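Presented below is the structure to which this report refers.
The values are calculated or read from the model by the stated rules, or taken from the named source; none is laboratory data. All figures in this text were calculated on a predicted structure; none of them were measured in a lab. Here the Cβ positions follow ideal geometry from the backbone for every residue, glycine too, while neighbour counts run over all protein chains shown.
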Amino acid sequence: NLYKKVPFHPLKDFAPIMQMASQPYGLVVHPSLGVKSVKELIALAKKEPGKLNYASSGQGGAMHLFQALFVNMAGIDMVHVPYKGSGPVRADLVGGQIKVGCLGLSSILPHYKAGQLNIIAVTTAKRSPELPDIPSLGEILPGYDASLWTGLLAPRGTPQAAIQRIHREVTKLLQAADVRSAYQRAGTDIVATDPKAFGRFLELENAKWGKTVRDLKLVVK
């Protein structure tokens, strides 16, 4: 949907093994914007259509798509400003050069705690255990759920015995205390789903992001 020329089909050419982990992002605003909630941001965007900007690390990346989905579901008009990487986005958000962005929780928590940025929502269906007082976008916009996830795939036709063995071994690895601690420090939740659940998840993700890309006419060449 997003990339017009790719040498594979994401669903037909691979066999799902497992979703390993999921990282929620935070929808953030600079304090100078005067917005303290998602509802206030939506109201401001509707009052001033096409005047508010939101930053991302580049066209078609997670930061872009997560915010594009929000803009689409909220029915508002905001202008996408693509940067070259997340570092410059974070720097300009903290400096107030741009007012709205969406980054991984681990990268924005220090700025949130220092009062430099306001996290007005997490991008998942449910609240993050790390920030239980911050609402989820799924609470405000039913059906919204976006996270940066990692998973394992094998070439289509890989024997089921091999898929099951890889699943067992990686699941054991993810249960190790040092691995869990490393994921936690990165603001990432271990999921460790089975192959069937991961297959269903991939179908839902493909449908959701495909619709978003088509609705907003997004293309990366």
Worksheet item: For residue 47, all conditions in the list (1) in contact (Cβ under 8 Å) with a residue 24 or more places away in the chain; (2) on the phi < 0 side of the Ramachandran plot hold save one; what is the number of the exception?
Response: (1)
Worksheet item: Which numbered condition trips up residue 125, out of (1) aliphatic (A, V, I, L, M); (2) outside any helix (DSSP H, G or I); (3) under 14 Å from residue 41 (Cβ atoms)?
Response: (3)
Worksheet item: Only one of these conditions is not met by residue 35: (1) without any contact (Cβ under 8 Å) to a residue 40 or more places away in the chain; (2) touching a strand residue (DSSP E or B) at 6+ places or on another chain (Cβ under 6 Å); (3) at negative phi. Which number is it?
Response: (1)
Item to complete: Inspect the range 177-184 for any residue being touching a residue at least 12 places away in the same chain (Cβ under 8 Å), outside the structural domain of residue 69 (by TED's automatic domain parsing), surrounded by 12 or more Cβ atoms within 10 Å (Cβ to Cβ) and assigned to a helix (DSSP H, G or I) and give the result as yes or no.
Response: yes
Practice prompt. Please work out which one of (1) closer than 21 Å to residue 185 by Cα; (2) touching a helix residue (DSSP H, G or I) at 6+ places or on another chain (Cβ under 8 Å); (3) aromatic (Phe, Trp, Tyr) is the condition residue 54 fails and give its number.
Written response: (1)
Discussion item. If I ask for residues that are among the charged types (D, E, K, R) and in contact (Cβ under 8 Å) with a residue 12 or more places away in the chain, which ones from the range 96-140 would you list?
Written reply: 99, 126, 127, 130, 139
Worksheet item: Would it be correct to say that residue 68 is touching a residue at least 40 places away in the same chain (Cβ under 8 Å), small (Gly, Ala, Ser) and within 26 Å of residue 215 (Cβ to Cβ)?
Response: yes
Fill in: Residue tally, condition in a loop (DSSP other than H, G, I, E, B), surrounded by 13 or more Cβ atoms within 10 Å (Cβ to Cβ) and charged (D, E, K, R), over the range 185-221
1
Item to complete: Please work out if residue 19 is modelled with pLDDT of 95 or more and either among the hydroxyl-bearing types (Ser, Thr, Tyr) or assigned to a loop (DSSP other than H, G, I, E, B) (or both).
Response: no
Practice prompt. Run residue 127 past the list (1) among the charged types (D, E, K, R); (2) modelled with pLDDT of 95 or more; (3) surrounded by 13 or more Cβ atoms within 10 Å (Cβ to Cβ) and report the number of the one that doesn't hold.
Written response: (2)
Worksheet item: Which of the residues belonging to the range 25-47 are under 19 Å from the mean Cα position of the chain (by Cα) and either basic (Lys, Arg) or part of a strand (DSSP E or B) (or both)?
Response: 25, 26, 27, 28, 29
Worksheet item: Any residue at all in the range 151-162 that is assigned by TED's automatic domain parsing to the domain that holds residue 49, in contact with a Pro (Cβ under 9 Å, 6 or more places away or on another chain) and not in a helix (DSSP H, G or I)?
Response: no
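Of all residues in the range 7-16, count the ones that are hydrophobic (A, V, I, L, M, F, W, C), assigned to a loop (DSSP other than H, G, I, E, B) and more than 22 Å from the chain's Cα centre (by Cα).
Of the residues in the range 7-16, the ones hydrophobic (A, V, I, L, M, F, W, C) are 8, 11, 14-15.
With assigned to a loop (DSSP other than H, G, I, E, B) added as a condition, the list becomes 8, 11.
Applying the additional criterion that residues be more than 22 Å from the chain's Cα centre (by Cα) yields 8.
Within the range 7-16, residues that are hydrophobic (A, V, I, L, M, F, W, C), assigned to a loop (DSSP other than H, G, I, E, B) and more than 22 Å from the chain's Cα centre (by Cα) number 1.
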